[in-house]
Amino acid sequence: MTHRPSLPQFIDDEVARAPLLMEAVLHALAPASTASAASPPHPEVQRLARHYRAELVATFCRTLAGLLSTPAQAPRRPAAMTLSLVEDDAVASDVELSRATELIRSTAEFELRELRAFTSALVGDLHVARDTNPLRPDHYVRALWAAITGLPSSHNLRIALLRAAAAPLAQALRLAYAAACTRLEDAGVVPSSYRTIVTSTGSRSWHRSHTLPPDLDRLRQLLPPAAPAAAGAGDADPDTVLPSIFAALRQDASVGTDLQALLGRLQPIALCVARQDATTLDAYTHPLWVFIDRVAFLAALHPQADDPARTEVLAQAAALIEAIAHEATPDAASFRWAHQRLAHWARQQHEARLRSASAHIAMLDTLGPAFSPTAAEGGTPLPLDADSLDTVRADLLASANGDAQADAAAASDAAAWLDSQLPEQWVRVFVDARWRHAQLLWHADDLWLYAEAGSTRQTWAFRQSALERLHAEGLLRALRERSLVSRAAARLMRQGSQNRPS
């Protein structure tokens, strides 16, 4: 690239370089390259990579081109809700895909950060405020796995090949990211700047432990009063604190422009409430802040701005805010009512998902442990054939399956966690090679049914063992409502402490 490229041109250039990158990965798996390695890949893994080299390169490049070139679109609502069964083999694949992705991120952490600054400049951002890098590690891992799954081999051998290729792919991408930055710089692209936020040890502990910083009344001691005449009072009044809180809310990286607009409509109403109700600025448990946090949580379930489900959430919240705005004297009871109405709406959404999935639930309940995708279609499970049998030695299988004792202990912890789960609860789960938000609809004995958030109308049926493995690997966890307001207050208190005269 000798001229300043656009982002699509940059993507096309990187796709054209993908064959060389995959060739480097496969070369690193060759016996000559791994002869001096402490733990070289199993000979059968090396033989598979060598024998199907051309197919691996071609499928990798074709899949990567599709992942990088397909623009994001709003999900389309299928005619009927779809059901997928997540088997243990699929979970084992997702575990390895997640590990490979994290290995790339840790190996190329600096290069990814630098490349993000350059791609932010390509899309016109002066500061790095969002992830604009299309060359995400998970895209490369998914392309690699698509190439591997096309090979005529056993599942365990495919997993072993993915595991062996992860480190070479991480090293190759680290060099590729660095080279891409150099080419962009040579083409005259000036990287965007990162905003540096210095936080104290105490503020970090608030985030990690998920506890709240001191109550909101501390802000009145740290922020300056609205009028000079009130300077001796020692506390800032609502006319100072409320605008500061809402400004900090809008600066939160998790708040999209649509939610920012909603907060802007809410701010004058909140100010009216705070002027007449001193307890508004005392604690995060005030109905005003509880309502804001609930809206933010429901919106965060659908992070894509063009997701119709997110639009529906914010439309419900906007209608409630408009109703409060028309009240003569909005107060805490107004927001308590709004929170209850929002909770009622969320329950209605859950009940609608249950009704839509009723046929799937009836089928799972009838078939029970015998459920399989073929049985769901009215067929019979396929018999084992040669390709489905394990064709690798016991030492490789032990490496792929992990330590049995450690797995048993983790499964016990996961089983206890699953026992505490109730319908309507939300989780974040890594399934089918990507992170998803899903709500528990139903479970009985060995089977659990989740509905994916958004408008995809996708349901996932998990066996108990699959969920236990995901939880043990950190790929399944509860989605809890985090206080957006407390984060904003913590940011203001840090700024107030730094600016306050000693």
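Laboratory data are not the source of any read-out in this text; all were calculated from the coordinates shown. This is a predicted model, so every value here is computed, not measured. Here the Cβ positions follow ideal geometry from the backbone for every residue, glycine too, while neighbour counts run over all protein chains shown.
Count the net charge of all other residues whose Cβ sits under 9 Å from the Cβ of A453, scoring Lys and Arg as +1 and Asp and Glu as -1.
-1
Take L271 and F110, extend 7 Å from each Cα along the Cα→Cβ direction, and tell me the distance between the two endpoints in nm.
Result: 4.8 nm between the two label points.
At S33 and Q251, where each label point lies 7 Å from the Cα along Cα→Cβ, what is the point-to-point distance in nanometres?
Spacing of the two 7 Å Cα→Cβ label points: 4.7 nm.
For an R0 of 41 angstrom, estimate the FRET efficiency from the Cβ-Cβ distance between H326 and A478 and round to the nearest 0.05.
My answer for the efficiency is 0.65.
Stretch A343-H3 to full length: gain in nm at 0.36 nm per residue minus the Cα-Cα span?
Result for the pair: 117.0 nm of gain on full extension.
Find the centroid of the Cα atoms in the range 89-137 and in the range 234-268, then give the distance between the two in whole Å.
Comparing the Cα centres of the range 89-137 and the range 234-268, I get a distance of 30 Å.
What is the distance, in nm, between label points placed 7 Å from the Cα along the Cα-to-Cβ direction at S84 and at R53?
Result: 3.4 nm between the two label points.
What length, rounded to one decimal in nm, is gained on full extension from Q304 through to S420, with 0.36 nm per residue of separation minus their alpha-carbon distance?
Extending this stretch completely gives an extra 38.8 nm.
Spelling out what I want: for every residue of the range 418-425, take phi, set θ = phi - 60°, compute 6.51 cos²θ - 1.76 cosθ + 1.60 (Karplus), and round to whole Hz; glycine and proline get x.
Running phi through 6.51 cos²θ - 1.76 cosθ + 1.60 with θ = phi - 60° gives 5, 4, 8, 7, 10, x, 5, 6 Hz.
Sort the following peptides by mean Cβ neighbour count (other Cβ atoms within 10 Å, averaged over residues), highest first: 300-307, 468-475, 140-147, 324-331.
140-147, 468-475, 300-307, 324-331
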